[in-house]
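Structure, as structure tokens:
Every number here is computed from the coordinates shown, using simple stated rules; none is lab data. The structure displayed is predicted, hence computed values, not measured ones. Virtual Cβ from ideal backbone geometry, glycine too; neighbours counted across all protein chains shown.
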Amino acid sequence: MKDLIRSKIIEYVKNYPNEKGIKNIWREPIVRFADANGSYITSLKAIVSPDHKLPGDFMENPNIVISYFIPFTEELAALNLNVEGNMAAQEWADAYNLTNTMISDISQYIADMLNEMGYRAVPPTGVVFDKVVILSNWSQRHIAYAAGLG
């Protein structure tokens, strides 16, 4: 099942530019899985914030959390090397926003696929980013760490 999910995410990213009529700005995604009830994930309210959501906040009795990283092309990533100050290159910022939209689409696509196969799956919903404290109530980075993505 993990291989199927991994291949579907990779295929989705590969086909996304053609379907949207845009330039390809991504390399192949890296997909990993974490135990939804593992000690690191269940500690996220203490590690990140008391408001941080846990997998059980999205569905009853979760088992696995899917985490994936979608790297930009090397050319796009290198654009930030030529920007002065602490700002990102405009192309990189645009790609970041587009990628976040694609991630939402992928998450729903994978959840729909799994549900159609008789499994239970939901994407994270109600995720809020607090611009004052610069903190989200669902940290993709912490989930990625739990899944072994670094």
Extension gain from Ala89 to Gln140, taking 0.36 nm per residue of separation minus the Cα-Cα distance: 16.1 nm
Vicinal HN-Hα couplings computed from phi for the range 139-149 (Karplus, 6.51 cos²θ - 1.76 cosθ + 1.60; Hz; Gly/Pro x): 9, 4, 5, 5, 5, 4, 4, 4, 8, x, 8
Spacing of the two label points (7 Å from each Cα toward its C-beta) at Tyr119 and Leu98, in nm: 2.9 nm
Counted charge near Tyr145, where neighbours are those whose Cβ lies closer than 14 Å (Asp, Glu -1; Lys, Arg +1): +1
Added length on full extension, which subtracts the Cα-Cα distance from 0.36 nm per residue, Glu11 to Ser39: 6.9 nm
Hull shadow area, averaged, the range 1-84 [alpha-carbon convex hull, nm²]: 8.4 nm²
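Multiply the residue separation of Asn24 and Phe69 by 0.36 nm, subtract the distance between their alpha-carbon atoms, and state the gained length in nm to one decimal.
14.6 nm
I need the calculated FRET efficiency for the pair Asp51 and Leu4, taking r as the beta carbon distance and R₀ as 35 Å, to the nearest 0.05.
It comes to 0.55.
According to the Cα gyration tensor, what semi-axes, each the square root of 5 times an eigenvalue, does the equivalent ellipsoid of the chain have, listed from largest to smallest in whole Å?
Semi-axes (√(5λ), whole Å): 26, 21, 13.
Taking the Cα centre of the range 8-150 as origin and charging only Cβ (+1 Lys, Arg; -1 Asp, Glu), how large is the dipole, in debye to the nearest 20?
Taking the Cα centre of the range 8-150 as origin, the dipole is about 220 debye.
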For the chain, with +1 on Lys and Arg beta carbons and -1 on Asp and Glu, the positive-most of Gly118, Leu149, Asn37 along the dipole: Asn37
